[in-house]
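Engineer: Quick one: the structure is below, and I'll ask about it shortly.
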Amino acid sequence: MVGSVHVNGSVNGGNGTEERLDELRRLLGKSDDDLLKIVGIGAGAWGSVFAALLQDAYGHFREKVQIRIWRRPGRSVDRSTAEHLFEVINSREDVLRRLIRRCAYLKYVEARLGDRTLYADEILRDGFCLNMIETPLCPLKVVTNLQEAVWDADIVVNGLPSTETREVFEEISKYWKERISVPVIISLAKGIEASLDPIPRIITPTQMISSATGVPTENILYLGGPNIASEIYNKEYANARICGSNKWRKPLAKFLRQPHFIVWDNSDLVTHEVMGGLKNVYAIGAGMVAALTNESATSKSVYFAHCTSEMIFITHLLTEQPEKLAGPLLADTYVTLLKGRNAWYGQMLAKGELSPDMGDSIKGKGMIQVIS
């Protein structure tokens, strides 16, 4: 049956999309002539894919919703990346035709020849994320002025690394001083801070955001995998969990679901967010184990067992009744250890092909996310 809703919340067919949008608009108190404004902050691989998923699903309802993404201006694209980008464009007829229709193809020819410099925000408008060149996205509405992006946004999606979250949201708070309505924030950030003042504790990105902006914690949610950004945009079947207050997590889970991307909801924000950060540390170790043992299945399984034991111990320290380490939470750790830039980073370190002094941002891989 077209448009039917299954027990897991997935939607069969394209029907029901506008109804879900209207339902969220009503919950946010939007009038008929008032746009629902959604903005992504940060344009890494997952942040860009998340914005593109929303644009693909809801962007054609132009009179009801506006979807934009913010990234800092000025990041140039080097010559070798421009050449690779040109190859990707010419290998995809649909992308090539789209750029020609938009009168945007010539600049990629010039960049390949070294006659022009491309910028990350410029190519993002055409649907290319600098951290994920080989997976073209839909064209996105890109804003490089942070105040313009956030001052009246209804839903803000934090796609920043955890190391940048506090700083950027402290700046955002300056633009929200005169706000009457309180925005809803969905954080995709993975990572944690350790603090000793006044007592030793772990600080998660949602806590950083609340502290920086004064937005109440019930309006801040965390969305985590298991997922690999490029695979999700290529419509490989995946699921995720959105965690937080009951008021927002259920309607947002419904709004974000797509036939290939099933979003469940869960109340245990602490467990999911902390594990979302620690799994990236474990992934570096998993890559090292894989490289040093010649992909030994036994060695990797032993390492995985130690990781999960430590995860259980840590979550019981942080919350009285943590979510059981099962289902999507465990799968999110598994897929990160199996594939991703952190696992790749660990492999390269073990092989001696990288060194720590190269920093956290690796060419062709983007930000390596760990505890900040």
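The values are calculated or read from the model by the stated rules, or taken from the named source; none is laboratory data. Nothing here was measured: the structure is a model prediction, and the numbers come from that model. Cβ atoms come from the backbone with ideal geometry, glycine included; neighbour counts cover every protein chain shown. Accessible surface areas use protein heavy atoms only, side chains included; no ligands, DNA or RNA. Shrake-Rupley method; radii C 1.70, N 1.55, O 1.52, S 1.80 Å.
Per-residue answers, yes or no, for (1) of a type in the set (Phe, Trp, Tyr); (2) in contact (Cβ under 8 Å) with a residue 12 or more places away in the chain; (3) more than 26 Å from LEU54 (Cα to Cα):
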{"residue": "ASN266", "(1), (2), (3)": "no, yes, no"}
{"residue": "LEU269", "(1), (2), (3)": "no, yes, no"}
{"residue": "VAL274", "(1), (2), (3)": "no, yes, no"}
{"residue": "LEU278", "(1), (2), (3)": "no, yes, yes"}
{"residue": "LEU292", "(1), (2), (3)": "no, yes, yes"}
{"residue": "GLU295", "(1), (2), (3)": "no, no, yes"}
{"residue": "PHE304", "(1), (2), (3)": "yes, yes, yes"}
{"residue": "THR308", "(1), (2), (3)": "no, yes, yes"}
{"residue": "ILE312", "(1), (2), (3)": "no, yes, yes"}
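Engineer: Any idea which residue in the stretch 161-170 is most open to solvent (accessible area, probe 1.4 Å), counting only those that are over 12 Å from SER210 (Cα atoms) and not in a loop (DSSP other than H, G, I, E, B)? Please lay out each step first, then the result.
Structural biologist: Keep residues of the stretch 161-170 that are over 12 Å from SER210 (Cα atoms), which gives 161-164, 167-168.
Adding the requirement that they be not in a loop (DSSP other than H, G, I, E, B) leaves 162-164, 167-168.
Details: SER162: 4, THR163: 76, GLU164: 48, GLU167: 124, VAL168: 5 Å².
Filtering first and then ranking leaves GLU167.
Engineer: Here's a follow-up. Pick out the one residue from MET288, MET311, MET275 that is touching a Gly at 6+ places or on another chain (Cβ under 7 Å), of a type in the set (A, V, I, L, M, F, W, C) and not assigned by the TED database to the domain that holds VAL157.
Structural biologist: On the way: MET311 fails: touching a Gly at 6+ places or on another chain (Cβ under 7 Å); MET275 fails: touching a Gly at 6+ places or on another chain (Cβ under 7 Å).
So the residue among MET288, MET311, MET275 that is touching a Gly at 6+ places or on another chain (Cβ under 7 Å), of a type in the set (A, V, I, L, M, F, W, C) and not assigned by the TED database to the domain that holds VAL157 is MET288.
Engineer: Turning to a different aspect of this structure: Could you tell me which of the residues SER181, SER173 is surrounded by fewer than 22 Cβ atoms within 10 Å (Cβ to Cβ), farther than 28 Å from LEU21 by Cβ and of a type in the set (Gly, Ala, Ser)?
Structural biologist: SER173
Yes or no, residue by residue, for (1) modelled with pLDDT of 95 or more; (2) within 16 Å of the chain's Cα centre (by Cα):
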site: LEU140; (1), (2): yes, yes
site: ALA153; (1), (2): yes, no
site: VAL157; (1), (2): yes, yes
site: PRO161; (1), (2): no, yes
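Engineer: I would also like to ask the following. Tell me, yes or no, whether the stretch 231-253 has at least one residue that is under 16 Å from the mean Cα position of the chain (by Cα), of a type in the set (Lys, Arg), modelled with pLDDT under 95 and under 21 Å from ASP56 (Cα atoms).
Structural biologist: yes
Engineer: Taking the stretch 18-43 on its own, how many of its residues are open to solvent by 20 Å² or more (accessible area, probe 1.4 Å) and touching a residue at least 12 places away in the same chain (Cβ under 8 Å)? So that I can check it myself, show each step before the final result.
Structural biologist: As a first pass, look at the stretch 18-43 and keep what is open to solvent by 20 Å² or more (accessible area, probe 1.4 Å): 18-20, 22-23, 26-35, 37.
With touching a residue at least 12 places away in the same chain (Cβ under 8 Å) added as a condition, the list becomes 18, 20, 22-23, 27-30, 35, 37.
Final tally of qualifying residues: 10.
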